[in-house]
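The values are calculated or read from the model by the stated rules, or taken from the named source; none is laboratory data. What you are looking at is a predicted structure, and each value in this text was computed from that prediction instead of being measured. So basically every Cβ, Gly included, is an ideal-geometry build from the backbone, and we count neighbours across all protein chains shown. Heads up: the accessible areas ignore ligands, DNA and RNA and are worked out on the full protein's heavy atoms, side chains in. Shrake-Rupley method; radii C 1.70, N 1.55, O 1.52, S 1.80 Å.
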Amino acid sequence: MIFELPKWYDLHVHFRQGDSMADYIQDHLNMGCCGALAMPNTKPPVSHVHGKNTEEYWTVESYLKDMESAGSKAFDDIIAPLYLTNATTKDMIIEGTKSGILRACKYYPPHGTTNSEHGAGLDTYINNGVFAAMSDAGIVLNIHGEEHGLSGEEYFGEQSNAEDSFYKNHMPQLVEKFPNLKIVCEHITTKTAVDFVKNSGNNIAATITPQHLLYTVADLLQGLKYHLYCLPLVKFEKDRTALLEAAKSGNVKFFAGTDSAPHTTKATACGCAAGCYTGGIAPQLYADAFNLNEDNFDEFKKFLCLNGPQFYGIPVSNKTFTLTKKPSQPSVASGAIPLHIGLGQKNLAWTLTL
Ligand code: NCD
Ligand code: ZN
């Protein structure tokens, strides 16, 4: 069985910075990507819109140029969201929209994930006019939906966890205050988040990663497979089932965003960096999660190739790639360890051909 698909947009990826950026972009090109939304949690963060980079911050304008030098010209389109911090102003949003450089902004829970220490709480942007300006300008808010500052049972417990709590205690109020704000709930991992997105208006959508469709916390813990350690954490079977149902439903609100996040040092002497690398292998993993076949091909195509560009108002690619149900051992251009190798698997179940 050969499935032909339009080239797709990875609407949540980390291309990082420096020399390795070119390899990460190449890995994405090699897996049929025609574009991406490249996350701004660089060091320093991409937290201003116009002008040159400084020691304290980078700008969306310069980051786009850096990615261009590293090969992103081969994409049809690339979105670089602004990292929201205490220094973000509504004027940045207004001017960034006017120049066309600003298309999205990323909310990071302070200290909640890799390089998220520059983020401020939601109240900051609710009260300083930033969310209002985004809503007026039609700028997309990419949300890392985890409540920050929790620990122990509240962070990850039997009854609740940081994501659960965020979608129950914060998102409803946010949406009520800004009913027209376009929001993408990034890398959702829980049934709570799935239900929230399903029951919200058409301005609310979500990305889902391959790892959250394929695995649960049991897969992470059995043998301590730390290459599966990413944030938000993989959850329970009821959550995975809800994510899979949402992705396979064809509902326009759910689309691919891998959260591919390379780390040169994953495990350290006293902890582990959060992030799974799925550059070069994501469509194959998504196909595996769907158990792609003739009956669900239309829904797969919607999830991987159509729904995302539609939400962002980007044209669907007229170039194609294929997936075949045949084992493959793709090599990645970058030195990052792809997720399946990190999990001790040799082959992928699917072969991707450009
Ligand atoms: C991401 C990273 O490494 O930049 N890590 C992760 O676990 N997903 C940051 C993020 O998206 O949370
Ligand atoms: Zn991410």
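Separation of segment 150-180 and segment 194-256 by C-alpha centroid, Å?
So the separation of the two Cα centres works out to 16 Å.
Strictly over 25 Å apart at the Cα level, which of K7/K65; K191/K301; K248/K346 would you flag in this model?
Check vs 25 Å cut-off fails for K248/K346.
Any idea how far apart D19 and E56 come out in nm if each label point goes 7 Å out from Cα toward Cβ?
3.1 nm
Sticking to Cα atoms, compute the Rg of the chain to one decimal and its Dmax as the biggest Cα-Cα distance, whole number, in Å.
That works out to 18.8, 54 Å for Rg and Dmax.
Residues of segment 23-160: accessible area per residue at 1.4 Å, in Å²?
Heavy-atom accessible area per residue stands at 41 Å².
Among the aspartates and glutamates, select those whose C-alpha is under 19 Å from the C-alpha of K325, and discard any that sit fewer than 8 residues away in the same chain.
Cross-link targets: E4, D288, E294, D295, D298, E299.
Let me have the 222 nm mean residue ellipticity of the chain computed from DSSP H runs of 4+ only, each contributing -39500 (n - 2.57), with the sum over all residues rounded to the nearest 500. Before the final figure, lay out each step's value.
On the way: 16 runs with 117 residues, N = 354.
When only DSSP H runs of four or more count, the value is -8500 deg cm²/dmol.
Run the reach check for K177 against aspartates and glutamates, Cα to Cα strictly under 16 Å, same-chain hits fewer than 8 apart removed. What comes back?
D123, D136
Taking the highest mean first, how do the peptides 98-105, 186-193 order by number of other beta carbon atoms within 10 angstrom per residue?
By packing density, highest mean first, the sequence is 186-193, 98-105.
HN-Hα J couplings of segment 3-17 from phi, Karplus 6.51/-1.76/1.60, θ = phi - 60°, integer Hz, Gly and Pro as x?
Listing the rounded values in order: 10, 9, 10, x, 4, 10, 9, 8, 8, 6, 8, 10, 8, 6, 7 Hz.
Using the 2.2 N^0.38 Å rule of thumb for compact globular proteins, work out how segment 79-180 stacks up: its C-alpha Rg over that value, please. Please report the intermediate quantities before stating the final value.
Values: Rg = 14.2 Å, N = 102, 2.2 N^0.38 = 12.8 Å.
Computed over Cα atoms of segment 79-180, the ratio equals 1.11.
Work out the charge dipole of segment 2-353 with +1 on the Cβ of Lys and Arg and -1 on the Cβ of Asp and Glu about the Cα centre, then indicate which of F15, G51, F297 is farthest towards its positive end.
Of the options given, the answer is F297.
Considering only the chain, what is the antiparallel percent among its DSSP beta bridges, to the nearest 5?
Restricted to the chain, the bridges split so that about 30 percent are antiparallel.
Please report how far the C-alpha centroid of segment 286-338 lies from that of segment 47-82, rounded to the nearest whole angstrom.
Value for the Cα centre distance between the two parts: 26 Å.
Choose one answer from G280, G145, G271: the residue with the largest mean-square fluctuation in a GNM of the chain with alpha-carbon springs under 10 Å.
Residue with maximal mean-square fluctuation among G280, G145, G271: G271.
Considering only C270, C34, C305, give the residue with the highest GNM mean-square fluctuation for the chain, with springs between Cα atoms whenever their separation is below 10 Å.
C270
At a Cα cut-off below 12 Å, give the aspartates and glutamates reachable from K52, other chains included and same-chain residues fewer than 8 away excluded.
E61, D66
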